[in-house]
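Report on one structure; see the data block that follows.
Please treat every number below as a calculation from the coordinates, not as lab data. Treat the numbers as computed from the prediction; the structure is a model and nothing was measured. We place every Cβ from the backbone using ideal geometry, glycine too, and count neighbours over all the protein chains shown.
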Amino acid sequence: MQLSRRRWLKSIQSLSIFALGTWFSPLNVLAKKEDATKAIQEITGGKPIIDGKVKLVIPPLVENGNLVVLKLSVESPMTANDYVKSVHVIAEGNPLPNIFTVHLTPRSGTANITTRVRLADSQTVWAIAQMSDGSFYQGSAETLVTLSACTELV
């Protein structure tokens, strides 16, 4: 069987469209757990992270990932010698794992943060707190993001 030039070009076009479709797949756009781990390593510089002191609260089930309430608190006296220097929030399922960073000083008074974030998918969210002495503490929370849809029963 001999392929004509036109048929050959059409098959190449179909193949290239398929390749582009898999390249730009939404699954390739989202960060992976390895990306989140790498972001945490960059923040800490490889120093050990201790569990505790950081309390991260997000709803366990959200209907829409566009506005998810996130509450974060770190146990610290917030004095000149002992305070939270910065807090980094990391999400493994977002296109960029580092959602936001907050820098604090002793004049902040407390290390309590409430905000809204956008979560692309169901995932684990981590909060990494850097203390004034250079130590790191972490807390995490998991959430399930669902998409509400109206369906018509036939």
At a Cα cut-off below 18 Å, give the lysines reachable from Lys53, other chains included and same-chain residues fewer than 8 away excluded.
Lys71, Lys85
If we sort 89-98, 46-55 on the protection proxy, mean other Cβ atoms within 10 Å, highest first, what's the order?
89-98, 46-55
Run the simple label-point estimate for Arg116 and Arg6 please: 7 Å along Cα→C-beta, distance reported in nm.
5.6 nm
Just to confirm a number: summing +1 for Lys and Arg and -1 for Asp and Glu over residues other than Val57 whose beta-carbon lies under 12 angstrom from that of Val57, what do you get?
+1
Net charge of Cβ neighbours under 14 Å - reference Leu70; Lys, Arg +1; Asp, Glu -1:
+3
